[in-house]
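Worksheet for the structure shown next.
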Amino acid sequence: MSDPGFHSPELEHRFAPFVRVLGKGKSGSRSLSRDEARQAFGMILRGETELVQVGAFLMLLRVKEETGEELAGFVDACREEMLQPDAPLQADLDWSSYAGKRQQHPWFILSLMLLAQAGYRVLVHGADGHTLDRLYTETALQALGLPVADGWGQVGSQLDTVGLSYLPLRCFCRPLHELIQLRPLLGLRSPVNTLTRMLNPLRAPCSIQSIFHPAYAQLHQATDELLGQPRALVFKGDSGEVEIKPQADTRLHLLCAAQRNEFVLPRTLPGRVEQVLRPDVAPLRVLWRGLAGAADDGYGLSAVYATTAAALTLLQPGLDPAAAREQAKSLWRDRDTARLD
């Protein structure tokens, strides 16, 4: 029985061919070229599609599994459509933060502070609210009094003064933010959750990304190569955030001038680690300031050392992991403990 409110279109919708390419069956379907992906995603971002088409498109990609060419095309479209800074802005490190913390406190925030303290300009971008029961980076940074921007103007000021700025995705690419929010409706992550990690809106020479599943590392590297990213580091982090798990060996995937390298960061804590009941920022303040009880948090300090060291190996070509860890420890010893009051 037809819906009385439905009107059969006289002509095929311009977006329909992209859905057909992906959904024409085992023998008839194929992946999109980079240019096709750019065109299709540009239409989505500009609101030139119907919601039913967007859902079909994203889920067909999810089942098929996206390619590096497709992801690069999606990123191309986002960069064309996103808001751009009024004046040139420069960052040394692009840090994507889209997962939120669920099992541990967001220790990586202290690594961000150490890198900024060392003189690096770090842009963090992310989105919140798309998955229940997680502590998102924007909320955590605000609770700690750390820089959260509402636009590129504030980003520039924050990078100039403190070397660190977080810009929510909704402030520079609202349509993409709204696509991420479809997860509760679709019940699954979509390629949007992958491509956002590679946006690098300021084209920083170094990009650090975390993945949920090890198999995605090669896909991230292939996409970064196509995008011409000079240096990129990808690894499986805690809850999908850029944070080394000190209780596990972590395989780091480094891309440098189109050359791929892998090395393993050995675990620094033996055995299993208990999950926290609820991720919070209070333990970060205690550890950073060296307050009573700080010495008891071996997990937090180990995570900070390892995450900082991983970022330093990306930022300083040729730096070996052992030297990076010593440098991380030195930065920790020299930290401004009054920064988190």
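The values are calculated or read from the model by the stated rules, or taken from the named source; none is laboratory data. Computed from a prediction, not measured in an experiment: that's the story for all the values here. No Cβ is skipped: glycine too gets one built from the backbone with ideal geometry, and neighbour counts run over all protein chains shown.
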_Taking the condition of being over 20 Å from the mean Cα position of the chain (by Cα) and among the aromatic types (Phe, Trp, Tyr), how many residues in segment 23-77 meet it?_
1
*Has segment 83-100 got at least one residue that is more than 25 Å from Pro205 (Cβ to Cβ) and assigned by TED's automatic domain parsing to the domain that holds Leu227?*
yes
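To keep it simple, each residue is scored yes or no on (1) farther than 22 Å from Val122 by Cβ; (2) at pLDDT 95 or above.
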site: Val264; (1), (2): yes, no
site: Arg272; (1), (2): yes, no
site: Leu277; (1), (2): yes, no
site: Asp280; (1), (2): yes, yes
site: Asp296; (1), (2): yes, no
site: Ala303; (1), (2): no, yes
site: Ala309; (1), (2): no, yes
site: Leu315; (1), (2): no, yes
site: Ala328; (1), (2): no, yes
*Of all residues in segment 80-90, which are within 22 Å of Thr313 (Cβ to Cβ) and either crowded, with 24+ Cβ neighbours inside 10 Å or touching a Pro at 6+ places or on another chain (Cβ under 8 Å) (or both)?*
none
_Please go through (1) more than 20 Å from Tyr305 (Cβ to Cβ); (2) buried (at least 17 other Cβ atoms within 10 Å of the Cβ); (3) not acidic (Asp, Glu) for Leu277 and return the number of the only condition it doesn't satisfy._
(2)
*For segment 221-306, which fully contained strands (runs of 3 or more DSSP E) count at least 2 residues that are out of contact with any Ser or Thr (no Cβ under 7 Å at 6 or more places or on another chain), of a type in the set (Phe, Trp, Tyr) and not assigned by TED's automatic domain parsing to the domain that holds Arg197?*
none
*Considering segment 59-79 alone, what residues qualify as being out of contact with any Lys or Arg (no Cβ under 9 Å at 6 or more places or on another chain), within 14 Å of Leu179 (Cβ to Cβ) and surrounded by fewer than 20 Cβ atoms within 10 Å (Cβ to Cβ)?*
Met59
_Here is a list: Thr161, Thr139, Thr196. Which entry is in the same structural domain as Leu255 (by TED's automatic domain parsing) and touching a residue at least 24 places away in the same chain (Cβ under 8 Å)?_
Thr196
_Quick check on segment 106-133: of everything there that is touching a helix residue (DSSP H, G or I) at 6+ places or on another chain (Cβ under 7 Å) and small (Gly, Ala, Ser), which residue is surrounded by the fewest Cβ atoms within 10 Å (Cβ to Cβ)?_
Ala118
_Given the condition more than 22 Å from Leu219 (Cα to Cα), without any contact (Cβ under 8 Å) to a residue 40 or more places away in the chain and surrounded by fewer than 18 Cβ atoms within 10 Å (Cβ to Cβ), answer yes or no: does some residue in segment 35-50 qualify?_
yes
*Failed condition for Tyr98, given (1) within 15 Å of the chain's Cα centre (by Cα); (2) modelled with pLDDT under 95*: (2)
*For segment 1-101, which helices (runs of 4 or more DSSP H) that fit wholly inside it have 2 or more residues that are of a type in the set (Lys, Arg)?*
34-45, 51-64
*Out of (1) at pLDDT below 95; (2) part of a helix (DSSP H, G or I), the odd one out for Ala116 is which?*
(1)
